[in-house]
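Derivation of every value follows stated rules applied to the coordinates shown; laboratory data play no part. Here the structure is a predicted model, which means the values were calculated and not measured. As a convention, Cβ positions derive from the backbone with ideal geometry for all residues, glycine included, and neighbour counts pool all protein chains shown.
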Amino acid sequence: MSKTGNLVVVKVGTSSITKDDGSLDLDAMRELSDQIAEAIKMGYRIILVTSGAIASGLAELTVKPKPNDIVFKQACAAVGQAILMEHYRQLFKRHNLKVAQILLTHDDLANRVSYVHVCNVLDRLLSLGVIPIINENDVTSVEEIMPVMKGYKINFSDNDILSVLIANAAQADLVIILSDVDGLYDANPLKNKDARIIPVVEKITPEIKAAADGKSAFGRGGMKTKLEAAEIAMQSGIPLVIANSRRRNVIVDILRGERVGTYFKPSGRMPSIKRWIAYGAGAKGAIRVNKGAKQAILKGASLLAVGIESVEGQFKIGDVVSVLGPDGEEFARGIVNYSSEELNLIKGLRTPQIKKVLGYIRRKEVIVRKLMYVFSEVEKNE
């Protein structure tokens, strides 16, 4: 990358800015801020997605952590976030740079109105020359810290996924994920001394996924979640690099085009609305369609009421819903023009029959094709 004005999302993991005891590593944070300042001098705009609030809160409180006490972790995040931001503020002030704190939850990005507000604020901050510093709001959202307990679904996973969703929202040109590893290996380097860095990934295969395991002591994300983030970025048309934060000048070297870490090559860029439907929005329900409707959608058609077999959950007009095939597997998702109550009345009906039942036809399409994201068969089978 070398184009002036390009937007880069830099994500730094917990292990990259903390010491072995979990306290903040101010030397590492200083090096990070120096590199970001240098990147800005080079003409780049930077959004920093940072972890480390819970770890810094634990160190500040000097209380032995309780792995399954979610409320305690939330309290630590509340204490630690203030400490984290104050250090960043002072470090960037050395370069005459201002920072802004943005705390987000999954709902903030899943709701279209909130999503647009986040996009607008990020754009304005960047235009003012301010560095947005983003973290998950652990006080009001527990999805990110739940993985420490068995059976909970990983959400932002130490901000790996969050960094890519932010990149989608801000239409970034590059994502750099900094961690405690040099990149993606062809095998687990802790178990296999012959493991080698994969310099470029053009497609995330089952073999690559199988080679990714393990995570850091204080962070919640491992290589598996970084691959999930990379896959989202690649499918969204955004290049992503995974590299070691402890490598000197790692950010600057990447921006200068040096081969550092692992580069994930993007495929074609999707329209912003489809990127949000695919990865940002939370599905509020599901529509199961028949075989003919699925085949038509895969060929580029919109979803009509006649192809609907059943409706699951409750949702309203404008919500994002999953589209399931006859086998119950999700193969698409999109924004609906009818509520779940309306669809339960008109499912299986041809368009002329809809007016007889509802008294009106809002749109002939239940989901318009341009507001639908369809997963490729390759993606679904991996």
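Quick look at the numbers
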quantity	calculated
Dipole moment magnitude, nearest 20 debye, the chain about Cα centre, only Lys, Arg, Asp, Glu C-beta charged	1280
The chain - percent relative contact order, Cα under 8 Å, separation 6 or more	14
Relative contact order for the range 283-381, counting Cα pairs under 8 Å that sit 6 or more residues apart, in percent	31
Where only alpha carbons of the chain are counted, the Rg and the Dmax (Å)	22.3, 70
Karplus-derived 3J(HN,Hα), 6.51/-1.76/1.60, for each residue of the range 10-23, Hz, glycine and proline x	9, 10, 10, x, 4, 5, 7, 10, 10, 8, 4, 8, x, 6
For Ala332, distant residues with modelled amide H under 5 Å away	Val323, Phe375
Span-like helix ranges in the chain, DSSP H, alpha carbon extent 27 angstrom or more, Kyte mean at least 0.0	70-93
For the chain, built as a Gaussian network whose Cα springs stay under 10 Å, the top-fluctuating residue of Asp21, Asp123, Asp194	Asp194
Distant-in-sequence amide H partners of Val201 (H built 1.01 Å from N, under 5 Å)	Tyr263, Phe264, Lys265
Sites Arg256 and Ala187 - FRET efficiency at Förster radius 30 Å, r taken between beta-carbons, to 0.05	0.50
Ratio Rg/Rh, restricted to the range 99-142 and using Cα atoms, in which Rh is the Kirkwood radius	1.00
Per-pair calculated FRET efficiency, R0 = 35 Å: Glu329 and Val121 via Cβ, rounded to 0.05	0.40
Label point distance in nm, Asp107-Arg269, each placed 7 Å from Cα along Cα→Cβ	3.3
Among 110-118, 351-359, 257-265, the order from most to least packed when residues are scored by Cβ within 10 Å on average	257-265, 110-118, 351-359
